[in-house]
Amino acid sequence: MLQHCGPGHNGLGSEHCFCFLKVELIMAHSKPQAERPLSPHLQIYRPALTMVMSILHRITGAALYFGTALLAVWLISAAISAQAFALVHGFMIGWFGQLILVGYSWALLHHMFGGIRHFVWDTGRGFEAKERHFFAVLTILFSLLTTVAVWLAVYWVR
C-alpha cells in the first residue's frame, strides 16, 4: 500500500517518500538466496579445545549456582538444629556427597582459572592461536591440580 507523502513530510518531497516505500516493499518480499543456516552451529564446526573450554566455562558457571545452594543448605541446617545438621552432614560425608563437593570445588577452580584467562584477553593479549590453546591447556591443568591439592589438604587436615 503506497501512501502519498506530501511536500514537507519529514522534510522530503513526495518522490522521496514513494522511493522509501518501494524499497521497503521490495525488502519485505525478498527471500534468502541460499537454503542454509544463517549462522554456523555445532554440526558445521569440528570441536576445538577453545570451543570446548568456552562451553565448559558456561556449564561450570551454571553448576556453581546449584553447588552454592547446596552449601547454603548445609550452613542453614547448622543454624536450624543439631538434628538437621546431622542429616545434611551425613549426606555430605557419604561417597555421593563427597563426589558432589569435589565436583563443586573443581567447577569453582575451573571457572576461576577461566575467568583469569578472560581477564588476560581483556588486556588485549593471548589472541593468537597458539596462545589461546596454551591458556586452555593451562586452565585444565591448573583446575585439576589445584582441585587435587585442595582435597589432599582436606584429607590431610582430618
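Only the coordinates and a few stated rules stand behind these numbers; no lab work does. From a predicted model like this one, the values you see are computed outputs, not experimental measurements. Quick reminder, even Gly has a Cβ in these numbers, built from the backbone with ideal geometry, and neighbours come from all protein chains shown.
Got a sec? Which residues in segment 79-113 would a label at Val154 touch, if it sits 7 Å along Cα→Cβ and we count backbone N under 15 Å?
89-110
Which of the peptides 132-142, 118-128, 104-114 is most tightly packed, and how do the rest follow, judged by the mean count of other Cβ atoms within 10 Å per residue?
Numbers: 132-142: 16.2, 118-128: 10.7, 104-114: 20.0.
Descending packing order for the listed peptides: 104-114, 132-142, 118-128.
If each residue of separation counts as 0.36 nm, what is the full-extension length gain between Leu138 and Ala48 once their alpha-carbon separation is subtracted?
Details: separation 90, 0.36 × 90 = 32.40 nm, distance 1.53 nm.
Between Leu138 and Ala48, full extension yields an extra 30.9 nm.
Short version: ³J(HN,Hα) in whole Hz for each residue of segment 115-128, in order, from phi by Karplus 6.51 cos²θ - 1.76 cosθ + 1.60 (θ = phi - 60°), x for Gly and Pro, what are they?
After applying 6.51 cos²θ - 1.76 cosθ + 1.60, I find x, 5, 4, 5, 5, 4, 5, 5, 7, x, 10, x, 9, 5 Hz.
Under 15 Å from the Cβ of Trp121, count the other residues' Cβ atoms, weight Lys and Arg +1, Asp and Glu -1, and hand me the total. Write down the numbers at each step before the final one.
Working: positive: Arg117, Arg125, Lys130, Arg132; negative: Asp122, Glu128, Glu131.
Net of charged neighbours comes to +1.
For segment 49-157, compute Rh as the Kirkwood radius over C-alpha pairs and then the Stokes-Einstein diffusion coefficient at 25 °C and 0.890 mPa s; write the answer in µm²/s, rounded to an integer.
Details: Rh = 15.5 Å.
So the translational diffusion coefficient is about 158 µm²/s.
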